[in-house]
Ligand code: ADP
């Protein structure tokens, strides 16, 4: 369990993290969301024991990060933002060094090294200087050092930032595979990542916690939640579809341009069966018809833009 209680960090007159409290339990992948400068990295650095809080406390697996830092850090794997490593070391030498730092010995050491080299497909670059690796490989080396001691808690600061779509997919798969028996916190400003990997999301702006919920519950705050979007095909007049939709009592509002139409429900009405019925009745040709679950980007904007920017 990670427990943050009223964590704060001040840089002179700037409040980077403002009284943040939250908990994360086993099996949870917590997404830390917020605009740039929100305080995500600062919070993660404090939990990982790399930065001393100005106020508040954090415990990891029951160990206070300030009072019992070695025990707390041994339970944590941490991938700092940008995954900085020692650029002149070879990948193999670097992992050996981290295995030393983590005090891995004998068969366990060999098995853990083999495991991370295999999981992160580092075999072909073991003799290459980290400096000369591609961004994707550098990030994999960073992830390898974070998981080498098989920690119970993983703190990953923007693990997929700057990676290409295939590399992003690979890192997300890896997080998925590790999620069941670990506590994972990842920071991101990529909203699709929240869907792809997180079971819970915390939204922060200006260092303050603004929301703490499942991605689905956050989406349901969107005005798009339970709206129905359709794209009218050739042979059907979009304007007449709009007029018929407008005349429906359950529909509060129609939006969209040209062939694309979104119908918003009135008073939480369920629109999909009604619109499907209308499409059959009037023989509409539709290229697309789908129920909106809600748009996280809109919720994120609403929540974070309500905060005055500093
Ligand atoms: P995020 O990770 O959400 O982008 P950060 O935690 O990096 O945000 O930064 C939060 C705020 O603290 C920003 O305004 C940033 O400029 C400021 N900040 C971070 N580190 C320092 C530092 N070492 N000295 C002064 N200000 C800092």
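Laboratory data are not the source of any read-out in this text; all were calculated from the coordinates shown. Just so it is clear, the model here is predicted, and its values are computed rather than measured. Here Cβ is always computed from backbone atoms with ideal geometry, including for glycine, and neighbour counts include all displayed protein chains.
Counting only DSSP H runs of at least 4 residues, each contributing -39500 (n - 2.57), and dividing by the residue count of the chain, the helix-based mean residue ellipticity at 222 nm comes to -10000 deg cm²/dmol.
Computed over the alpha carbons of the chain, Rg followed by Dmax gives 24.0, 75 Å. Rounded to the nearest 10 degrees, the inclination of helix 91-101 to the longest alpha-carbon principal axis of the chain is 70 degrees. With neighbour counts taken as other beta-carbon atoms within 10 Å, the residues 260, 8 rank, fewest first, as 260, 8. Here the spin labels are modelled as points 7 Å beyond Cα on the Cα-Cβ line, and at residue 276 and residue 108 they lie 5.6 nm apart. Annotation for residue 86 and residue 189: the two label points, set 7 Å from Cα along the Cα-Cβ direction, are 3.2 nm apart.
Peptides 214-224, 178-188, 12-22 ranked from most to least packed give 178-188, 214-224, 12-22, packing being the mean of other C-beta atoms within 10 angstrom over each peptide's residues.
Across segment 167-206, the residues whose backbone nitrogen lies under 20 Å from the label position 7 Å along the beta-carbon direction of residue 134 are 167-175. Residue exposure proxy: 177, 168, 266, ordered by other Cβ atoms within 10 angstrom of their Cβ from fewest to most, comes out as 177, 266, 168. Shown for 61, 91: other C-beta atoms within 10 Å of each C-beta, ranked fewest to most, produce the order 61, 91. For segment 160-310, what is the Kirkwood hydrodynamic radius in Å, using each pair of distinct C-alpha atoms? After inverting the mean inverse Cα-Cα distance, the result is 18.0 Å.
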